[in-house]
Amino acid sequence: QVQLVESGGGLVQAGGSPRLSCAASGSLFSINSMGWYRQAPGKQRELVAVMTSGGITNYADSVKGRFTISRDNARNTVYLQMNTLKPEDTAVYYCNYRGQGLAYWGQGTQVTVSS
């Protein structure tokens, strides 16, 4: 089992720059990916950004140039630096960990962007 603990988020003004963190613990895999998905009210969960243990990244087009994902492999922690937030970024953000065909999710953290 893998446990994910998220932090960050909350109520942010448009244009703000919060950072989300997610720490993984438990039976971790040396080859893995960690990242963030989000789900807005009435919408499906969607990819925001992911990063493999080898450093390969993938971003949703809607956040390219505004969000940056990074990892501290020694701490098994992934970060999402969000810049220039827009009201449409409002969602519950979920941390995701994948390895050996398995996927684990955090409990989610709400990010609300006020205009």
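List of remarks:
- Checking each residue in segment 101-115 for being open to solvent by 50 Å² or more (accessible area, probe 1.4 Å) and closer than 23 Å to SER27 by Cα picks out GLY101, LEU102, TRP105, GLN107.
- Residues of segment 24-36 satisfying the condition of being in a strand (DSSP E or B) and either open to solvent by less than 40 Å² (accessible area, probe 1.4 Å) or of a type in the set (Asp, Glu) (or both): ALA24, SER33, MET34, GLY35, TRP36
- Some residue of segment 8-22 being assigned to a strand (DSSP E or B), hydroxyl-bearing (Ser, Thr, Tyr) and open to solvent by 60 Å² or more (accessible area, probe 1.4 Å): no
- Residue pairs whose Cβ atoms lie under 9 Å apart, sitting 6 or more positions apart in sequence or on different chains, and linking a residue in segment 66-86 that is closer than 10 Å to LEU20 by Cα to a partner that is open to solvent by 50 Å² or more (accessible area, probe 1.4 Å) and part of a loop (DSSP other than H, G, I, E, B), are GLN81/SER17; MET82/SER17.
- Selection of segment 82-95 for residues being farther than 17 Å from SER33 by Cα and either of a type in the set (Ser, Thr, Tyr) or surrounded by fewer than 20 Cβ atoms within 10 Å (Cβ to Cβ) (or both) yields ASN83, THR84, LYS86, PRO87, GLU88, THR90, VAL92.
- Of all residues making up segment 82-115, the number that are within 13 Å of the chain's Cα centre (by Cα) and part of a loop (DSSP other than H, G, I, E, B): 3
- Restricting attention to segment 48-67 and to residues that are outside any strand (DSSP E or B) and not aliphatic (A, V, I, L, M), the residue that is surrounded by the fewest Cβ atoms within 10 Å (Cβ to Cβ) turns out to be ASP61.
- In the set (1) closer than 24 Å to GLY42 by Cα; (2) touching a Phe, Trp or Tyr at 6+ places or on another chain (Cβ under 9 Å); (3) surrounded by 13 or more Cβ atoms within 10 Å (Cβ to Cβ), the condition left unmet by ARG98 is number (1).
- As a summary of the residue check, LEU85 satisfies the conditions (1) out of contact with any Lys or Arg (no Cβ under 9 Å at 6 or more places or on another chain); (2) over 23 Å from GLN1 (Cα atoms) except for the one numbered (1).
- For segment 22-51, a residue qualifies if it is under 13 Å from PHE67 (Cα atoms) and hydroxyl-bearing (Ser, Thr, Tyr), and exactly one does: TYR37.
- In summary, SER27 fulfils each of the numbered conditions (1) touching a Lys or Arg at 6+ places or on another chain (Cβ under 8 Å); (2) farther than 20 Å from SER115 by Cβ with the single exception of condition (1).
- Each residue in segment 61-80 was checked for being of a type outside the set (Lys, Arg), within 18 Å of ARG98 (Cα to Cα) and under 13 Å from the mean Cα position of the chain (by Cα), and 6 pass.
The values are calculated or read from the model by the stated rules, or taken from the named source; none is laboratory data. Treat the numbers as computed from the prediction; the structure is a model and nothing was measured. Counting neighbours? That spans all protein chains shown, and the Cβs are built from the backbone with ideal geometry, glycine included. Side chains are part of the model used for accessible areas, which takes the heavy atoms of the whole protein and leaves out ligands, DNA and RNA. Shrake-Rupley method; radii C 1.70, N 1.55, O 1.52, S 1.80 Å.
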